[in-house]
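The values are calculated or read from the model by the stated rules, or taken from the named source; none is laboratory data. None of the values given here were measured: they were computed from a predicted structure. Heads up, the Cβs are rebuilt from the backbone with ideal geometry, glycines too, and the neighbour counts pull from every protein chain shown. When the accessible area is computed, the model is the full protein with side chains, heavy atoms only, and any ligands, DNA or RNA have been set aside. Shrake-Rupley method; radii C 1.70, N 1.55, O 1.52, S 1.80 Å.
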Amino acid sequence: MHKVGLIVNPVSGTDIRRATSTAGFIDNMQKARTVKSILRGIEAVGVDEVLIMPDFYGIAAHALWDLPQLSLKWSFIDMKPRGDYTDTVNAVKEMVKERVGSIVILGGDGTVRVASKVSVNTPLLPISTGTNNVIPYFIDGTLAGIAAAAVANDLVNDSVTYRLRRILLIINGEVVDQALVDLGATLYPFRGARAVIDPNMITETFISLVKPLSIGLASIGSVLRPNGLPSDKILHVIIGSRFSIKAVLMPGYVTNMGIDRVEEISLGIKVPISRAYTIELDGEREVEIFNGDYVEVMADEKGPVIIDVNKAMQELFLRQCSNCP
């Protein structure tokens, strides 16, 4: 059976950066409209079933209520939503167990990061509704639904997907978390509101995904490596005063970042972090560091599988119009 999973993060794009920057806000009504478009796109291609995460605010349920003539078979994952990241983890685990062919995710880099911890080899198609959106696409939901269904139905080959690298956070010899875009060591004493607002609180950062349109700490990599990184490397940047660049730390917030040292680190090499109170993962402070902790970072190539929407749509259209004049 061919199935597609659907994850809607109701709290993506709602953090404190709406008060400290010009970050946009996608409300739940707009997310529901996007869900309706996704379902119509999937319906056009056809799958056996769509498995949906029941979100805390009923966004997906509202979208389905507003699609009375939807011919697509759908069902909610049997779980009670808590309104935090565990909803995504539990839903993706169940979707992988049900062998969905792809998972569409409404969220930002943080939502993709959480999903990637349990998505194994299931292709993800993330749609941007977060604050930091280096991985997710700014794309119409209809096209996203078509692409996800095409992958799930094996209408396109594996060349339309790619695997991200990941940055592992290792404390006292144990992997405790991971990042997909950037990992930063900060001097913030607590996780607090989690946003990284003050550049003077950053001591060093590791960047795995370098794209010209990146935002957050990843934008440092965009300046330092405008042509990208080798596939077997990540970027390690020590913050200091030897030279300065401009980086887009948050939407509407361009700031000078002092740099001491830049180096490319090979996958599989552990690098110790010398000074940090909290660790930022893909835009948010997530892990507190305590006295006596030995903190290391290591990257590998075992990140999530991502659908390349442009390649997927191109191959699908080529097959559809193979006999067109």
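For residue 81, neighbours were defined as the other residues whose beta-carbon sits under 15 Å from its Cβ, and their charges (Lys and Arg +1, Asp and Glu -1) total -1.
For the stretch 230-325, the square roots of the Cα gyration tensor eigenvalues, ordered a ≥ b ≥ c, give a/c of at least 1.5 with a/b greater than b/c, which places it in the prolate category. To the nearest 10, the accessible area of residue 289 is 30 Å² with a 1.4 Å probe. Against the chain, whose longest principal axis is taken from its Cα atoms, helix 141-152 shows a tilt of about 80°.
Put simply, when 106-115, 42-51 are sorted by average Cβ atoms within 10 angstrom per residue, most first, you get 106-115, 42-51.
Rounded to the nearest 500, what is the chain's calculated 222 nm mean residue ellipticity when only DSSP H runs of at least 4 contribute -39500 (n - 2.57) each, over all residues?
Working: 8 runs with 81 residues, N = 325.
When only DSSP H runs of four or more count, the value is -7500 deg cm²/dmol.
With the simple spin-label model, which puts each label point 7 Å out from Cα in the Cβ direction, the residue 238 to residue 275 separation comes to 1.1 nm. Based on the Kirkwood approach, the hydrodynamic radius assigned to the stretch 90-235 is 16.7 Å, with every pair of different Cα atoms included.
Starting from the Cα gyration tensor of the stretch 38-139, take the square roots of the eigenvalues, sort them a ≥ b ≥ c, and report rounded, prolate or oblate (rounded when a/c is under 1.5, otherwise prolate if a/b is larger than b/c, else oblate).
Rounded shape, in that the Cα axes give a/c under 1.5.
With a point put 7 Å past each Cα toward its Cβ, work out how far residue 262 is from residue 98 in nm, to one decimal. Here the modelled spin labels are 4.6 nm apart.
Helix 309-320 and the long axis of the chain differ in direction by around 30°, with both axes built from C-alpha atoms. With only the Cα atoms considered, the stretch 261-317 has a convex hull volume of 150 Å³ per residue.
For the chain, the solvent-accessible area with a 1.4 angstrom probe is 45 square angstrom per residue.
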